[in-house]
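Novice: Structure below; questions to follow.
The values are calculated or read from the model by the stated rules, or taken from the named source; none is laboratory data. The shown structure was predicted, so the numbers you read here are calculated from the model rather than taken from an experiment. So basically every Cβ, Gly included, is an ideal-geometry build from the backbone, and we count neighbours across all protein chains shown. Side chains included, ligands, DNA and RNA excluded: accessible areas come from the protein's heavy atoms. Shrake-Rupley method; radii C 1.70, N 1.55, O 1.52, S 1.80 Å.
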Amino acid sequence: TKQDRFKYNGIGFLRNAIQCYSEKELNGAWELSITYPITNRDEMWKHLKPWNIIKNTKGQLFVIYKVEKSLANSVMSISAKARHMFYYLNDKVVYNAVAENFNGYYALAHIMGNADFTHENGLTDYEFSYNSDIEITKNINYSDVSVTYALLGAPDSVVNLYGGELYRDNFY
């Protein structure tokens, strides 16, 4: 799906979910889990497959990474796990982002400017925007790691170096 197409509701609504919830940690994981009945009357379950994107009721996008079918109480269902769109940055690799005395904004700009999308065929390279109001300066040094790791996961990640809170809103 092209980036500008997410203002619409895609191919349909997942109205009959057995269960759907999202868990979000401060500066950590943000995932959505959904369980949907497998029926002939409502075939939306067929769209719960890896790399498809679910938009929740708050407009946040989640990319499916795991799908399992099961049988409980004589009802076949499919369960999907999805990560917030932010984690699409797992597939953008930072190549040699080294800088001295950068504030928060310029650190983010340098990381994003030195990253390339490494993906499977058919996936879309989405553009992410960013900002920071952190004025303290730090040195950064990232090479051959994902953007997500540089921003959030590494011991010397932007979040750990600069402090503050990571705000995520789809492609921002």
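Novice: Can you name the number of the only condition in (1) more than 27 Å from K49 (Cα to Cα); (2) touching a strand residue (DSSP E or B) at 6+ places or on another chain (Cβ under 7 Å); (3) of a type in the set (A, V, I, L, M, F, W, C) that A82 fails?
Specialist: A82 satisfies all of (1) more than 27 Å from K49 (Cα to Cα); (2) touching a strand residue (DSSP E or B) at 6+ places or on another chain (Cβ under 7 Å); (3) of a type in the set (A, V, I, L, M, F, W, C) except (1).
Novice: Another question, if that's okay. Consider only pairs whose beta carbons are under 6 Å apart and that are at least six residues apart or on different chains; among these, list those whose first residue lies in the range 84-102 and is more than 25 Å from K58 (Cβ to Cβ) and whose second residue is open to solvent by less than 20 Å² (accessible area, probe 1.4 Å) and outside any strand (DSSP E or B).
Specialist: Note: pairs meeting the criteria are V94/I111; V94/V147; V94/A150; A97/I111.
Novice: Looking at the range 51-65, I want the residues that are at pLDDT 95 or above and have a partner that is among the charged types (D, E, K, R) with Cβ atoms under 7 Å, at least 6 apart or on another chain. Which pairs are those?
Specialist: If the second residue must be among the charged types (D, E, K, R), the pairs left are L61/K55; F62/R83; V63/R83; I64/K49; Y65/K81; Y65/R83.
Novice: Still on this structure: Could you check the range 37-76 and list, in sequence order, the residues that are outside any helix (DSSP H, G or I) and of a type in the set (D, E)?
Specialist: Filtering the range 37-76 down to residues outside any helix (DSSP H, G or I) leaves 37-42, 48-76.
Within the range 37-76, D42, E68 meet the criteria.
Novice: In the range 71-84, which residue that is open to solvent by 50 Å² or more (accessible area, probe 1.4 Å) and more than 20 Å from the chain's Cα centre (by Cα) is modelled with the highest pLDDT? Talk me through it step by step, then tell me what you get.
Specialist: Initially, the range 71-84 is screened for residues open to solvent by 50 Å² or more (accessible area, probe 1.4 Å), giving 71-76, 81, 83.
After this cut, where a residue has to be more than 20 Å from the chain's Cα centre (by Cα) as well, the list is 71-76.
Values: L71: 91, A72: 81, N73: 81, S74: 86, V75: 87, M76: 95.
Top of the filtered list is M76.
Novice: Let me ask you something else. Which ones in the range 112-138 are within 15 Å of L166 (Cα to Cα) and over 17 Å from the mean Cα position of the chain (by Cα)?
Specialist: Answer for the range 112-138, where residues must be within 15 Å of L166 (Cα to Cα) and over 17 Å from the mean Cα position of the chain (by Cα): N131, S132, D133, I134.
Novice: Looking at the range 7-35, which of its residues are surrounded by fewer than 11 Cβ atoms within 10 Å (Cβ to Cβ) and in a strand (DSSP E or B)?
Specialist: Q19, E23
Novice: Please state which one of A107, A150, A99 is modelled with pLDDT under 95, over 29 Å from C20 (Cα atoms) and not in a loop (DSSP other than H, G, I, E, B).
Specialist: Answer to the selection: A99.
Novice: I've got another one for you. Filter the range 85-101 for residues that are surrounded by fewer than 21 Cβ atoms within 10 Å (Cβ to Cβ) and over 17 Å from S129 (Cβ atoms) and give the result.
Specialist: Within the range 85-101, N90, D91, V93, Y95, N96, V98, A99, E100, N101 meet the criteria.
Novice: Where residues in the range 139-160 are open to solvent by less than 70 Å² (accessible area, probe 1.4 Å) and either free of Cβ contacts under 8 Å to residues at least 40 places away in the same chain or on the phi > 0 side of the Ramachandran plot (or both), which of them is nearest to the chain's Cα centre (by Cα)?
Specialist: The selected residue is G153.
Novice: Pick out the one residue from D42, D4 that is open to solvent by 70 Å² or more (accessible area, probe 1.4 Å), modelled with pLDDT under 95 and either over 22 Å from the mean Cα position of the chain (by Cα) or among the acidic types (D, E) (or both).
Specialist: So the residue among D42, D4 that is open to solvent by 70 Å² or more (accessible area, probe 1.4 Å), modelled with pLDDT under 95 and either over 22 Å from the mean Cα position of the chain (by Cα) or among the acidic types (D, E) (or both) is D4.
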